[in-house]
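Participant: Pasting a structure here, questions to come.
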Amino acid sequence: ELERHTEALALLRQELSETERILGPEHASTLVSRLNVALTRAYAGEKDEGLTDLGAILADCERLLEPDHPVNFQAHHALADVLIQVGDRPGAELEIRAAIEGRRRIFGETHPLTLRSLDTLTYLLAESRRHEEVVRELSAVRAALRAKPAAEVETALLAKLLDDLGSSLLSLGRHEEALPILREASALGDPDQAARNARLIEAAERRAAASR
């Protein structure tokens, strides 16, 4: 995996050099190329260097681009990813919330990019056992998707968000509410996820029956 990222980093640096030569250092596409290099650098093992680069790129994005330019929020998301890698959960949460706020504003609640950022936030929340917040965030998105389905959202991402919602409901002891959501996630997910959810559903059914 590390070797793959190292190889990708060399190619991305070549791409950045060409983009910068053709479009200039302040073009949005150049900033995206810089983001890709910095993020891949972190995944290739140079976490501190990647983190420093991403902070500088975010500052350049905010200086050079309009406040609601999509690249600003791409930079916030990328920075959050690396902050998670280095163990700075509070910093990552601040950055991913900035990404979600901006993407909701310019793309909408159910846009794939908004949902990808939300997926990162719910990971952080669940990891710190803030399951009520997970349920609040994902229930709102589920309702929005039912009212206005987002055709471009990957089935795997939808299945994961539903799985996270169902799992948090189970953690809160809300087994009856979790069951239909886990079943919905199983219908959308891959076989491994469906098998995992089958075990969760079986356990939830037993607990729900015991509480009746």
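The values are calculated or read from the model by the stated rules, or taken from the named source; none is laboratory data. Since this is a predicted model, take the numbers as computed values, not measurements. A quick note on method: Cβ atoms are made from the backbone with ideal geometry, for glycine too, and the neighbour counts reach across all protein chains shown. Ligands, DNA and RNA are excluded from the accessible area calculation, which covers all protein heavy atoms including side chains. Shrake-Rupley method; radii C 1.70, N 1.55, O 1.52, S 1.80 Å.
Participant: Can you say whether Asp53 is acidic (Asp, Glu), under 27 Å from His5 (Cα atoms) and open to solvent by 40 Å² or more (accessible area, probe 1.4 Å), as far as the supplied structure shows? Don't jump to the end; show me each part of the working.
Facilitator: Values: acidic (Asp, Glu): yes; under 27 Å from His5 (Cα atoms): yes; open to solvent by 40 Å² or more (accessible area, probe 1.4 Å): yes.
Spelling it out, Asp53 is indeed acidic (Asp, Glu), under 27 Å from His5 (Cα atoms) and open to solvent by 40 Å² or more (accessible area, probe 1.4 Å).
Participant: Could you give every pair whose Cβ atoms fall below 7 Å, whose first residue belongs to region 85-107 and is within 17 Å of Glu66 (Cβ to Cβ) and of a type in the set (Gly, Ala, Ser), and whose second residue is open to solvent by 50 Å² or more (accessible area, probe 1.4 Å) and at pLDDT 95 or above, counting only separations of at least 6 or pairs across chains?
Facilitator: Gly102/Asp68
Participant: Further question on the same structure: Quick check: anything in region 63-82 of a type in the set (A, V, I, L, M), closer than 17 Å to Thr120 by Cβ and touching a Gly at 6+ places or on another chain (Cβ under 6 Å)? Spell out the reasoning first.
Facilitator: First, the residues of region 63-82 that are of a type in the set (A, V, I, L, M): 64-65, 71, 75, 78-80, 82.
Retained after the next criterion (residues that are closer than 17 Å to Thr120 by Cβ): 75, 78-80, 82.
Next cut, touching a Gly at 6+ places or on another chain (Cβ under 6 Å) only: 82.
Within region 63-82, one or more residues are of a type in the set (A, V, I, L, M), closer than 17 Å to Thr120 by Cβ and touching a Gly at 6+ places or on another chain (Cβ under 6 Å).
One line per residue, one yes/no per condition, for (1) open to solvent by 50 Å² or more (accessible area, probe 1.4 Å); (2) among the aromatic types (Phe, Trp, Tyr); (3) part of a helix (DSSP H, G or I); (4) modelled with pLDDT of 95 or more:
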residue: Gln14; (1), (2), (3), (4): yes, no, yes, yes
residue: Ser17; (1), (2), (3), (4): yes, no, yes, yes
residue: Ile22; (1), (2), (3), (4): yes, no, yes, yes
residue: Thr40; (1), (2), (3), (4): no, no, yes, yes
residue: Asp60; (1), (2), (3), (4): no, no, yes, yes
residue: Ala75; (1), (2), (3), (4): no, no, yes, yes
residue: Leu83; (1), (2), (3), (4): no, no, yes, yes
residue: Ala92; (1), (2), (3), (4): no, no, yes, yes
residue: Glu109; (1), (2), (3), (4): yes, no, no, no
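Participant: Then there's this: Just one of Ala203, Ala194, Ala210 is in a helix (DSSP H, G or I), farther than 26 Å from Glu101 by Cβ, open to solvent by 70 Å² or more (accessible area, probe 1.4 Å) and without any contact (Cβ under 8 Å) to a residue 60 or more places away in the chain; which is it?
Facilitator: On the way: Ala203 fails: open to solvent by 70 Å² or more (accessible area, probe 1.4 Å); Ala194 fails: open to solvent by 70 Å² or more (accessible area, probe 1.4 Å).
Result: Ala210 is the single residue among Ala203, Ala194, Ala210 that is in a helix (DSSP H, G or I), farther than 26 Å from Glu101 by Cβ, open to solvent by 70 Å² or more (accessible area, probe 1.4 Å) and without any contact (Cβ under 8 Å) to a residue 60 or more places away in the chain.
Participant: Can you tell which of Leu145, Leu121, Leu138 is without any contact (Cβ under 8 Å) to a residue 40 or more places away in the chain, surrounded by fewer than 20 Cβ atoms within 10 Å (Cβ to Cβ) and among the hydrophobic types (A, V, I, L, M, F, W, C)?
Facilitator: Numbers: Leu121 fails: surrounded by fewer than 20 Cβ atoms within 10 Å (Cβ to Cβ); Leu138 fails: surrounded by fewer than 20 Cβ atoms within 10 Å (Cβ to Cβ).
Result of the check over Leu145, Leu121, Leu138: Leu145.
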